[in-house]
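Shown next, in structure tokens, is the structure this report addresses.
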Amino acid sequence: MQKSVYEDYKYCIQDTNCVYVGSKYTLNEIAENEDIAFKFRKVCAESLKKDSDGEDTLESILYYLEPGDFRVQVLKQMRAKVRVNMIKEKKHLFGKPRKEYVTEFMSIPELVSMSVPEKEKVGLVIHEIRVNKLALLTV
């Protein structure tokens, strides 16, 4: 039997303004991956990894952030946004409103303001983190 490795949502994409990193990376994988921007790897190693285990994924760290956590301040300083899927009720022109999955970017304060039961209720799934390159230089 051959063991397959789960590679979905393990990516790093850069454009002129932002760095996009998939949420399934663990902090150890981020530190070792040379394709990810050096400054982002350094911030993850110094700030995000302090209170976490190296095997924690970005998804689990972002999902369980608390409002008073130091990592929230670091992510706000980097102007990070998180791409999420969640269930929202949409009204259509004709017919009853129905629930649909919607993909959107949430800021860190919006994400932290939701409690874990609220996140479970709306079926929140974290896909990626987007970090502004200019703000990354200020951290």
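The values are calculated or read from the model by the stated rules, or taken from the named source; none is laboratory data. What you are looking at is a predicted structure, and each value in this text was computed from that prediction instead of being measured. Here the Cβ positions follow ideal geometry from the backbone for every residue, glycine too, while neighbour counts run over all protein chains shown.
Just to be sure, is Leu65 closer than 15 Å to Leu27 by Cβ, among the hydrophobic types (A, V, I, L, M, F, W, C) and not in a helix (DSSP H, G or I)?
Yes: the conditions hold for Leu65.
When the stretch 115-139 is examined, which residues are found to be surrounded by 17 or more Cβ atoms within 10 Å (Cβ to Cβ), assigned to a helix (DSSP H, G or I) and not aliphatic (A, V, I, L, M)?
If the condition is that a residue be surrounded by 17 or more Cβ atoms within 10 Å (Cβ to Cβ), assigned to a helix (DSSP H, G or I) and not aliphatic (A, V, I, L, M), then Lys119, Lys133 are the ones that fit.
Are any of the residues in the stretch 74-92 closer than 18 Å to Leu27 by Cα and of a type in the set (Val, Ile, Thr)?
yes
If I filter the stretch 14-22 for residues that are more than 12 Å from Val131 (Cβ to Cβ), buried (at least 19 other Cβ atoms within 10 Å of the Cβ) and not hydroxyl-bearing (Ser, Thr, Tyr), do I get at least one hit?
Yes, because at least one residue in the stretch 14-22 is more than 12 Å from Val131 (Cβ to Cβ), buried (at least 19 other Cβ atoms within 10 Å of the Cβ) and not hydroxyl-bearing (Ser, Thr, Tyr).
List every residue pair whose Cβ atoms lie under 8 Å apart, where the two residues are 6 or more positions apart in sequence or sit on different chains, the first residue falls within the stretch 76-95 and is closer than 16 Å to Ile129 by Cα, and the second residue, located anywhere, is among the acidic types (Asp, Glu) and loosely packed, with under 15 Cβ neighbours inside 10 Å.
Between residues of the stretch 76-95 that are closer than 16 Å to Ile129 by Cα and residues that are among the acidic types (Asp, Glu) and loosely packed, with under 15 Cβ neighbours inside 10 Å, the close pairs are Arg83/Glu104; Val84/Glu104; Met86/Glu104.
How many residues are of a type in the set (Gly, Ala, Ser), within 16 Å of the chain's Cα centre (by Cα) and exposed (fewer than 13 other Cβ atoms within 10 Å of the Cβ) when one looks only at the stretch 92-114?
1
Scan the stretch 46-62 for residues that are surrounded by 12 or more Cβ atoms within 10 Å (Cβ to Cβ), in a loop (DSSP other than H, G, I, E, B) and of a type outside the set (Lys, Arg) and report the count.
Final tally of qualifying residues: 3.
Read through the list (1) within 11 Å of the chain's Cα centre (by Cα); (2) at pLDDT below 90, then give the number of the only condition that Asp56 fails.
Against the list (1) within 11 Å of the chain's Cα centre (by Cα); (2) at pLDDT below 90, Asp56 comes up short only on (1).
In the list Ala45, Ala80, which residue meets the criterion of being under 17 Å from Gln14 (Cα atoms) and among the aliphatic types (A, V, I, L, M)?
Just one listed residue meets the conditions, Ala80.
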